[in-house]
1. Which condition number in (1) part of a strand (DSSP E or B); (2) closer than 27 Å to residue 521 by Cα is the one that residue 974 fails?
2. Do any residues in segment 36-65 that are modelled with pLDDT of 75 or more have Cβ atoms under 7 Å from those of residues that are open to solvent by 80 Å² or more (accessible area, probe 1.4 Å), where the two are at least six apart or on different chains, and which pairs are they?
3. Looking at 766, 774 in this structure, which one is surrounded by fewer than 20 Cβ atoms within 10 Å (Cβ to Cβ), in contact with a strand residue (DSSP E or B) (Cβ under 6 Å, 6 or more places away or on another chain) and closer than 30 Å to residue 1087 by Cα?
4. In segment 822-924, which helices (runs of 4 or more DSSP H) lie fully inside it and hold 3 or more residues that are surrounded by fewer than 19 Cβ atoms within 10 Å (Cβ to Cβ)?
5. Would you check which residues across segment 442-456 are assigned to a helix (DSSP H, G or I), surrounded by 24 or more Cβ atoms within 10 Å (Cβ to Cβ) and not acidic (Asp, Glu) and list them?
6. What do you reckon, is residue 366 closer than 20 Å to residue 431 by Cα and hydrophobic (A, V, I, L, M, F, W, C)?
7. Only residues that are modelled with pLDDT of 75 or more and either out of contact with any helix residue (DSSP H, G or I) (no Cβ under 9 Å at 6 or more places or on another chain) or more than 28 Å from residue 871 (Cα to Cα) (or both): list them for segment 1095-1112, please.
8. Would you mind stating whether residue 297 is among the acidic types (Asp, Glu), surrounded by fewer than 17 Cβ atoms within 10 Å (Cβ to Cβ) and assigned to a helix (DSSP H, G or I)?
Amino acid sequence: MEQQETEVPPLPPRFRFRDLLLGDQNFQNDDRVQVEFYVNENTFKERLKLFFIKNQRSSLRIRVFNFSLKLLTCLLYTIRVVTDNPGQSANATHITGQQTAPSGKWGLIFWVDRKLPVWAIQVIVAIISFLETMLLMYLSYKGNIWEQIFQVSFLLEMINTVPFIITIFWPSIRNIFIPVFLNCWLAKCALENMINDVHRAIQRTNSAMFNQVLILICTLLCLVFTGTCGIQHLERAGKNLSLFNSFYFCIVTFSTVGFGDVTPRIWPSQLLVVIMICVALVVLPLQFEELIYLWMERQKSGGNYSRHRAQTEKHVVLCVSGLKIDLLMDFLNEFYAHPRLQDYYVVILCPSEMDLQVRRVLQIPLWSQRVIYLQGSVLKDQDLMRAKMDDAEACFILSSRNEVDRMAADHQTILRAWAVKDFAPNCPLYVQILKPENKFHVKFADHVVCEEEFKYAMLALNCVCPATSTLVTLLVHTSRGREGQQSPEQWQRQYGCCSGNEVYHIRVCDSKFFGEYNGKSFTYASFHAHKKYGVCLIGIKREDNKSILLNPGPRHIMAANDTCYYINITKEENSAFIFNQEERKGRPAVGLFEGPSQLPVHSILASMGTVAIDLQNASPPDPSGGKLVPPTVNGTGGRRPSIAPVQEIADSSSILPCDLLSDQSEDDSVFTDEKGHSPTEYVKGYPPNSPYIGSSPTLCHLLAEKAPFCCLRLDQGCRHNSFEDAKAYGFKNKLIIVSAETAGNGLYNFIVPLRAYYRPRKELNPIVLLLDNPPDNHFLEAICCFPMVYYMAGAIDNLDSLLQCGIIYADNLVVVDKESTMSAEEDYMADAKTIVNVQTMFRLFPSLSIITELTHPSNMRFMQFRAKDCYSLALSKLEKKERDKGSNLAFMFRLPFAAGRVFSISMLDTLLYQSFVKDYMILIARLLLGLDTTPGSGFLCAMKVTEEDLWISTYGRLFQKLCASSAEIPIGIYRTESHIFPTSEVRSLSNFLSPPQSQVSVSADDCEDTKERADESRSTEQSSDHPLLRKKSMQWARRLSKKSVRWQGVNRDSSRDHAQRIAQQRLNLYRRSEREELSELVRNRMRHLGLPTSGYDEQNDHQNTLSYVLINPSPDTRLELNDIVYLIRSDPLAHVPEVPPVHSSSLKERHESSVDIREDTEL
C-alpha cells in the first residue's frame, strides 16, 4: 500500500502523444522524483527564528514585551529603594551572622532590605528574561560562542538575572544587593530595536533621524537614572541621600552648574561620579555628532510634509527637474497674487540639491512659512508620500526648457506625470510640455500647456496683429495696474494702468455688469457693459455646453445661466458701484452722446483689491437728438452721419454678411501670386497632413494640388520654375521670414494661423523658413499643401542668406531661440548669440520689424541696445523701481517688449499657474491665438485707424460703430507715436537740424554722427568708437586710391590734382556716418549676388518711435492716426445661410471704405 501511495501517476495522454511525435521514446519510461523545496524552514529552529526574528509582526510584539519587562524591573528597583530602611538592613545582617565593616557602614552597600513580594516578582521577571536571552543566543548562534558571551547586553542580562535565580536555592542571600537599575540600558536597546521594526518600511533618512534623536534622549535618561541610583545606593554607607537628592545632584552635575549643596561623602560614590562624567564626555559628543550629521542631510533633502498638516491645511506640489531662482519667484509671485491662495502651502519636489540663491530666498520670512523644499524624485513613491501628493490640491509639473535635448526633457516630464497619476489619481495635474508631438502622452492631465504650440502661434500673430505677444502676456499676468503711475511720462501711466486688465468670469444671473442684459444679444450686452461700466465682454459659455465661445455674434441671446468672460481691472466681486452726484440729487444728467465735450469719464480706483467705478448716465441715446455733432470741416458747418445704435435683438439686415467661404471680391478658382508664373488655384479646406497627434483642425487656404518638394526650396530652381531668390518670385505682399534652427513640428502652428480661412487671400504674406538644418520629408509633406510657403538653408548671421531669402522685401523677421544655445555655462548667456545677431540686423535693416524670442526675459534689455541712449537708461531705472515695489511686470516698460518686438516663452508660465484659479485661461488663450477653432467662436484680428476714421474720435464711439456695423468686439489698441528723447543734446540738435513742424526726433547716436561730420578735428577720436568699421573704411580707401591711379593713366603732369582728389575721398570716408557704412556694405553684397539695390535704398529708419499696448482702454480714450485696434471678430461660419447672399464688398473692403452699407452709418 505504501509503495502504491508513493508511486508517481503517469502523465496524461496528450504528453505521451507529444513525446511520441518528438521521438523521445525513453522519456515515458524514466522514473520521476518529487522534490520538496525549502525543507530547512520546516525545522524547529527555523520556525522559532521566523517567529522571534524574521517575522516583522511577531518580532515587534516580542520586543514590546521585552521592553516592558525591563521597565518593570527598573520600577521594582525604585519601589525597593523607596521602601528600604538602612537600619533594618544592618540588623538583618547581624542576625544572619554576617560581619560588617570596621566602620559598621560598608555592609549597607552589599545588603539591602528587599520585601518578599518585590523579591518574588523580580525572580519571575529574571527567569523569563534569562530564558529569552538563552533562546535568542541559540537562534542567533553562527559558530562563535565567545563573541556572543562577551556582548555587553548579554553580560548585563547575566548580572541582573542569575543572582535572583540563585536566591531561590540559597535563601540566606535573598537580600544581597543586585544592580537591577542597569536594566535601563537593556530597555534602551529594546526600544531601538522596536522602533527599527516600526520604521522598516519608511525611508532610511527619516527613520535614522528619528532613531538618532531617540537614542540621544534615551542615553541621557539612562545616564541620569544610572547615576541617580548608583550614588543613592553608595551613599547608604555615607550621608544616606534620598533618591530625589541623588537625582538633583546628577542634574546639577551634568548641566555643569554645580551648586555644591549636595555632594557625595565617601570615595566609592565619588569614584562613580568620575566614571559617569567620563562616560558622558565620550558618549554624548558622539551622539550629538551623529545627530548633527543626520540633521544636515535632512536639511538637504528637505524632510517631509506632515500628514496632520496635509489633512488640516491645503497645499500644492511643484515638481521640477531643476529649480532656478527666476522660475521660483515667477511661480510664487503669481500663485500668491490671488487672495484666496494666501493660506496655501507650496511643496517643491526637486531631485537636485537646493541652490544657494533659492536657499536664501526661502529663508525670507515671507516664504519660509509657506514654502517647503523636498529633495527627491517624483518617480519614487516614498518621495510622493513625503510630499503628501494624495492630499494635494494640485500638482504642477514643469519641464526643463534649458536642456539641449528638449525631447529628453519631455520624456522626463511624461514619466513624472504618469507617476503622479498612478500614485494620486484624484490629484489635479497641471503639466507643461515642450514639444507638441509629446502632448498626447499627457492628455489625461487636467490642464496642459505646450510651449512650442503657444510660442509659434503667438509669433505668427505678431506678424499680422502687432504685439500680440505683449497683449497675451499682460492678460495672463496678475497686476493691479499701478505700474508706472508715478512716472512723468503720459504713455507710461496709461500703459501701466491698462496692463492691470485681466480675464474674469461670472454668471449672468449673479452679475451686476451683465444681469440687466438677460434676453438681449451678446453684441448689445458687450457694448453697453463697456459704455456703462468700462468692462469688455469677450466670450460666453452656455450651461449645457462646455465650450467657450469668443464673440458668438449678435444672434446669441444672453441667458440667465450663461457664464460671461470679460476683461476688467478686477473682478466684479471686488467692485463698488458709485453713482455720480447728479443722479443722487435727481437732477437730469447730461446725455452720453450730447456732444464731444460731454464724454464719460470712467475713474478706476484700485485699492486693496477693490475697484470703485464712477457711473455716468448710461441711458440709451435719443434717436432724434442723441447724435454726435462733428467738428467743422474746412470752415463749414456740415454734419457727418452719426453712428447707429446697437440693437437689442439681432436683425439679419442690420449685420453685414460675412461669408468668407464665398468671397466674391476674390476669384475662387485662381490667384496669381508670382510674377510671370501661371495662376495658382486656391481652395479652402483642412490640411490633409498633420505633423503630430493632437493638432486642432483648422480651415485654411490650401493649394488645389500639393506643391512638389523641389518647388518649396526658395534659393534653388527646379524643372517647374527657375527662381533662385525672393525677388524673382515677384511677390505682391511683404514677406514673413522665420529663422529657426530646425524645422520642428511647432513651425506648423506658425503657418496655420497665417493661412486660416478668415485671412483674405489678397492679404496672405509669403512665408520663408530660414533654417540652419534642412527639413525632413515628413515636415515638407505637412507644409506642401499651403500656398506661398518656402524654405531655405541658411542662418541669420550670414548676410548673403538674409539677402537671398528676401529680407529687403520682408515686413517681419521672426527669430526663434535656438535649442543648441539654450544651455550655457552661465545661464543668462544662453541668449548671447541671438541678441548679437539681432542687433546686427537692427543696424543693417532699420525699417525691418524684428520679432525675437529669448530664453530669459531679463535679457530683453539688450534688444536694440544703444549705449548712449539716455532714455533707455531712464527706463532701466524705472524697471528697478517697479521691481523693488514687488511688481510682477517690471520688464513691461522696456521699449522692445512694449512694442511686441521681443518675447520669452517663460512669460507664459503664468498661464499654467493662473489655471489653478481660472481654469478657463488656457482655453481662452488658445482661442485667441487660433490654436483651437471651436464652431461659433470668433478669432483675433486687427484693423488700422486711418485719416478717414478719425471722425469717430474716441474708443467708445469706435466700440459702438464696430458692434453696430459688423458685430466685432474691440479689446485694445496698439499705439505708435513719435517720441523725442528727453536729453539736452537731443533737444538742441533736433531744434537745430529739424524744422519746427517736424515731429521726427533725432536719436543720441545720430547726434554723435552729426557732431562727427560737423567737427573735423574730432574725427580721429570718434573713429575709436568703431575700430572695425574704421578699419574697413581704410581698406576701401586704399582700393579706391589704387583704382583712381589706374583711371588717371600715366599722366605725370596731373599728379597733384590726383593726390588732392584721393585726399578728399579719404576725408569723405572718415566723415561718413556709421549708417552710410552699413548701407554701403549691404549694397555691395547685393551687387555681388546680382540683386537690385532699389528696395534697400527705399528703407527708412523708424527707430525714433515707441509703441505700446492699451488693453481695454476707457471709452473716452482718443483715437490717434495709425492706431491698430485689436478685434475679436465673430465666426463667419457660425451663421452661413444655405444660399450665399450676393454682396458687392468683402470684409476687408468694409473696413477700408469710408461709407457703410447703412445710410446713417459712416466709417
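The values are calculated or read from the model by the stated rules, or taken from the named source; none is laboratory data. Quick caveat, the model's predicted, so the values are computed rather than measured. Cβ atoms come from the backbone with ideal geometry, glycine included; neighbour counts cover every protein chain shown. To get the accessible areas, we keep the full protein, side chains included, count just its heavy atoms, and leave off ligands, DNA and RNA. Shrake-Rupley method; radii C 1.70, N 1.55, O 1.52, S 1.80 Å.
1. Failed condition: (2).
2. Close Cβ pairs satisfying both conditions: 46/40; 58/51.
3. Values: 766 fails: surrounded by fewer than 20 Cβ atoms within 10 Å (Cβ to Cβ).
Every option except 774 fails the conditions.
4. Details: elements: 832-844, 870-884, 895-898, 909-914.
Passing ranges, in order: 832-844, 870-884.
5. 456
6. Details: closer than 20 Å to residue 431 by Cα: no; hydrophobic (A, V, I, L, M, F, W, C): yes.
Here the answer is no, as residue 366 does not meet what is asked.
7. Passing the criteria: only 1105.
8. Details: among the acidic types (Asp, Glu): yes; surrounded by fewer than 17 Cβ atoms within 10 Å (Cβ to Cβ): yes; assigned to a helix (DSSP H, G or I): yes.
In short, yes.
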